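Inspection log for the structure reproduced underneath, given as structure tokens.
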């Protein structure tokens, strides 16, 4: 086991003394191993950058550290799991669909050694009965809303098969992650420098391909701007400098306009930069990008998805109005903010013309960072149930939005992938980069585009099957 994952008890003696007082009635302390499994193959984002800080794992550790002895293991940065799990009472594993097979391997090994295994995360939430075959317990949805019951049952050795919150906690009742759990500098340098931040959870839009409503509900919960500003200042104090870069992890930071406008106003003058996912209809108002820029925004993630109205209708993204796409881009670019634009291919409404439409839009509007994905029906979503009879397989390792897993109605797999690769190569060709990239944008955007240029040149259809 890599010692990089261990939380030494003597690092912060004052804090540890406080924790020991909290758990003095629960001796000996149960020992938890928290695991983030590696992905089976290097995704594009991992090939071009370091892994993101494991916010979900840190949130669990933040809760657990007051009652249990906690060790972190993140396979994405090279932490090594032990062959023998006997040093731990509980092995808790977070899993997405793309790494759930690896999560199940770890869980099966720990179960065979008599350990209590808790599985949580997106995939176990969407397919709890499948996950139950590999675990003592499955946590459905966010762990913060079931933590009190779960922790008490761990202490009493009375774990239940399923934990599902009857109601979700207000975000104002949930403390932010304790990043001191990653206090070793060498460990922190293995992660991307952008600090994850959460302002909201839930999304009222209800796209048919999205897992968010099943995990966080359609009810849109927000923290207060005061909570978010306090967390930003916590990180500034922790890092010893003001100028930091944050990534809002919210699925849609802008579903409540009065909240986000107040937040942006409050962020002005903090000397931080940030990026966020934002709803396109919100950007039709020109004062919003201006406010975002003044608050330190350098990039907005926008799900354009498609240039075809029928495709937008199919995925249920009513907030997208294709006739406003150019206006939205102009409003954002006018403020010097870069755009990371997302486009999906392989839906039933797609034809070969869809690729040309997308290329024309990207080049005309000089989209700074286009992101192309292959339509992937994730289990538990309404779209998965619709597509299930046509799935080619359920090899979860390939449910990473970079593999073709079903046959769309109007394109066979060969034509889909041939056009997909052609679009990649054209958009990220040297000519495409010279046309699209404004060289006053942040250096990391330019470097990422160059990296994708070389990635795109070597693409072959077999990589996506």
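The values are calculated or read from the model by the stated rules, or taken from the named source; none is laboratory data. Computed from a predicted model, the values in this text were never measured in an experiment. Here the Cβ is made from the backbone with ideal geometry for all residues, glycine too, and neighbour counts use every protein chain on show.
How many residues are at positive phi and in a strand (DSSP E or B) if we restrict to the range 296-339?
Step one: filter the range 296-339 for residues at positive phi, giving 296, 305, 316, 336.
The next check asks that each one be in a strand (DSSP E or B); those that pass are 305.
Residues that pass the stated criteria total 1.
Output the qualifying pairs, or none if there are none: Cβ atoms under 6 angstrom, residues six or more apart or on different chains, first residue in the range 207-218 and within 19 Å of residue 305 (Cβ to Cβ) and not assigned by TED's automatic domain parsing to the domain that holds residue 249, second residue surrounded by fewer than 19 Cβ atoms within 10 Å (Cβ to Cβ) and modelled with pLDDT under 75.
Close Cβ pairs (under 6 Å, with a partner that is surrounded by fewer than 19 Cβ atoms within 10 Å (Cβ to Cβ) and modelled with pLDDT under 75) do not exist here.
Would it be correct to say that residue 401 is crowded, with 16+ Cβ neighbours inside 10 Å and either within 16 Å of residue 455 (Cβ to Cβ) or outside the structural domain of residue 373 (by TED's automatic domain parsing) (or both)?
yes
Among the residues that make up the range 348-362, is at least one of them surrounded by fewer than 21 Cβ atoms within 10 Å (Cβ to Cβ) and closer than 30 Å to residue 245 by Cα? Step through it out loud before you land on a result.
At the first step, the residues of the range 348-362 found to be surrounded by fewer than 21 Cβ atoms within 10 Å (Cβ to Cβ) are 348-349, 351-353, 356-357, 359-361.
From the residues that got through so far, the ones that are closer than 30 Å to residue 245 by Cα too are 361.
Yes: the range 348-362 contains one or more residues that are surrounded by fewer than 21 Cβ atoms within 10 Å (Cβ to Cβ) and closer than 30 Å to residue 245 by Cα.
Exactly one of these conditions fails for residue 146: (1) farther than 29 Å from residue 225 by Cα; (2) within 22 Å of the chain's Cα centre (by Cα). Give me its number.
(1)
What are the residue pairs meeting all of these: first residue in the range 28-48, first residue at pLDDT 90 or above, second residue in a loop (DSSP other than H, G, I, E, B) and surrounded by fewer than 16 Cβ atoms within 10 Å (Cβ to Cβ), Cβ atoms under 7 Å, and 6 or more apart or on different chains?
If the second residue must be in a loop (DSSP other than H, G, I, E, B) and surrounded by fewer than 16 Cβ atoms within 10 Å (Cβ to Cβ), the pairs left are 31/87.
Just the residues that are buried (at least 20 other Cβ atoms within 10 Å of the Cβ) and either more than 22 Å from residue 324 (Cα to Cα) or outside the structural domain of residue 334 (by TED's automatic domain parsing) (or both), please, taken from the range 248-259.
Let us first name the residues in the range 248-259 that are buried (at least 20 other Cβ atoms within 10 Å of the Cβ), namely 248, 250-255.
Hits for the range 248-259 are 248, 250.
Taking residue 441 as meeting all but one of (1) farther than 25 Å from residue 392 by Cα; (2) part of a helix (DSSP H, G or I), write down the number of the exception.
Result: residue 441 passes all but (2).
Rundown of residues vs (1) over 30 Å from residue 329 (Cβ atoms); (2) surrounded by 15 or more Cβ atoms within 10 Å (Cβ to Cβ); (3) outside the structural domain of residue 293 (by TED's automatic domain parsing), yes/no style:
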site	(1), (2), (3)
375	no, yes, no
379	yes, yes, no
384	yes, yes, no
393	yes, no, no
414	yes, no, no
419	no, yes, no
428	no, yes, no
432	no, yes, no
439	no, no, no
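When you go through 283, 244 one by one, which is the residue that is within 24 Å of residue 325 (Cβ to Cβ), in the same structural domain as residue 336 (by TED's automatic domain parsing), surrounded by 19 or more Cβ atoms within 10 Å (Cβ to Cβ) and touching a helix residue (DSSP H, G or I) at 6+ places or on another chain (Cβ under 7 Å)? Can you show your working first?
Values: 244 fails: within 24 Å of residue 325 (Cβ to Cβ).
Matching residue, one of 283, 244: 283.
Regarding residue 262, is this residue surrounded by fewer than 18 Cβ atoms within 10 Å (Cβ to Cβ) and either under 23 Å from residue 179 (Cα atoms) or over 19 Å from the mean Cα position of the chain (by Cα) (or both)? It would help to see each step written out before you state the result.
Working: surrounded by fewer than 18 Cβ atoms within 10 Å (Cβ to Cβ): yes; either under 23 Å from residue 179 (Cα atoms) or over 19 Å from the mean Cα position of the chain (by Cα) (or both): yes.
Here the answer is yes, as residue 262 does meet what is asked.
Restricting attention to the range 441-462, which residues are free of Cβ contacts under 8 Å to residues at least 24 places away in the same chain and either outside the structural domain of residue 346 (by TED's automatic domain parsing) or loosely packed, with under 12 Cβ neighbours inside 10 Å (or both)?
Pass one, the range 441-462, residues free of Cβ contacts under 8 Å to residues at least 24 places away in the same chain: 443-444, 446-447, 450, 454, 458, 462.
Of everything in the range 441-462, those that are free of Cβ contacts under 8 Å to residues at least 24 places away in the same chain and either outside the structural domain of residue 346 (by TED's automatic domain parsing) or loosely packed, with under 12 Cβ neighbours inside 10 Å (or both) turn out to be 443, 454, 458, 462.
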